[in-house]
Amino acid sequence: MPRKKQPIIEYRHYSLPIHFPILLLSGERWKISDIKSEHLHFHNHLEIGICHTDSGMMEIKGESVPFKAGDVTFIPRYLPHTTYSSPNEASLWSYLFFSPEDLFQQSFKSSAYSNFEPNLRTIKGLNCILNREEHPKIYTLATSVVEELKQKNPLYQESAYGLLLSLYIELLRTHSRHEPLADQETQHNLKGDLVISPVLEYITKNYMSPITIDFLADLCHLSTTHFRRKFHDIMGTAPLDFLNSTRIEEACKQLKSTDASILSISEQVGFQSISSFNRCFSRLMGKSPKEWRKGAQSEVQSAKASILEFTGWV
């Protein structure tokens, strides 16, 4: 009997605005066709979707889960999925992307809760879609965040932040009620799991630490050679290149939002020398860290001035 063909999995990287790290995708462009993609995809940030019209199916971790207008989807980062509408329909969506640990770190600082996203090896696809009838509060909060970000009235960022924090807490509460108690063997073998997800999760949380390719391969229970090949097939880049791009992305946040020295920032994000940091930064960003920071901080100051002028505070 021939082996079942494994689905192709694509990585989609979204860069969030640094001064307000929430990305909204909405409008007529975000209509989903009725053609089922042969590819699954996953993101580097958590995705919250709102289905405004029609119906269809989502493929999540090997499960086919139906959706309809009024549903809210909760897709943790690194969770492979795809969406397609019912025959002859084109469902309209709005999507929110953000990283909870970046956005809500201060809010959870004094809390015992430290897991900002559900464990990918225990989450079920069925629990990623929440309908309006059973979860009216989640639907109301999600649509309110989208409207704030669309309308951009005075203090919209503060309002959107508060609404999104409330929404995220409701989503975590809902997920915790559904989360099964999985033993270690089950957690490593659930159908449809992304084999490199332990590495992606580890890099997200520990990019600042020394990391070797052998250690990353061990996290996935693969040989180093197999791990390199599998990682490149999915991510389109080598594991250590992905690690360095993650470090540079974090460095950009600090260069733009703090006055810390470039040397200090390079060390904080995990580079062992300032020369290797400068080379990597220039290769990825097209400018030296000093040049990039000068332009980025000018943009921040202009944005602050515009907001102050718009709200009548100057």
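Which of the peptides 44-54, 30-40, 262-272 is most tightly packed, and how do the rest follow, judged by the mean count of other Cβ atoms within 10 Å per residue?
Result, highest mean first: 44-54, 262-272, 30-40.
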Measure off 7 Å from each Cα along the Cα-to-Cβ vector at residue 206 and residue 156, then give the distance between these two points in nanometres to one decimal.
-> 4.1 nm
So for the pair residue 274, residue 124, with labels modelled 7 Å out along Cα→Cβ, what separation do we get in nm?
-> 5.5 nm
For residue 29 and residue 282 in the same chain, what is the full-extension length gain: residue separation times 0.36 nm, less their Cα-Cα distance, in nm?
-> 87.7 nm
Collect residues whose amide H, placed 1.01 Å from N in the peptide plane, falls under 5 Å from the amide H of residue 44; neighbours closer than 5 in sequence don't count.
-> 12, 14
Expected sort for 284-291, 142-149, 65-72 on mean C-beta neighbours within 10 Å, highest first, is 142-149, 65-72, 284-291
Long-range amide H partners of residue 69, meaning residues 5 or more apart or on another chain whose placed amide H is closer than 5 Å, are 54
Compute the separation of the alpha-carbon centres of region 73-96 and region 274-292 and state it in Å as a whole number.
-> 36 Å
Calc'd 3J(HN,Hα), region 135-141, phi into Karplus 6.51 cos²θ - 1.76 cosθ + 1.60 (θ = phi - 60°), Hz, glycine/Pro = x, comes to 10, x, 5, 4, 4, 5, 5
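Throughout, read-outs are computed from the coordinates displayed, never taken from laboratory work. Just so it is clear, the structure is predicted and the values come from calculations on it, not from any experiment. Note: ideal-geometry Cβ built from the backbone for every residue, glycine included; neighbour counts use all protein chains shown.
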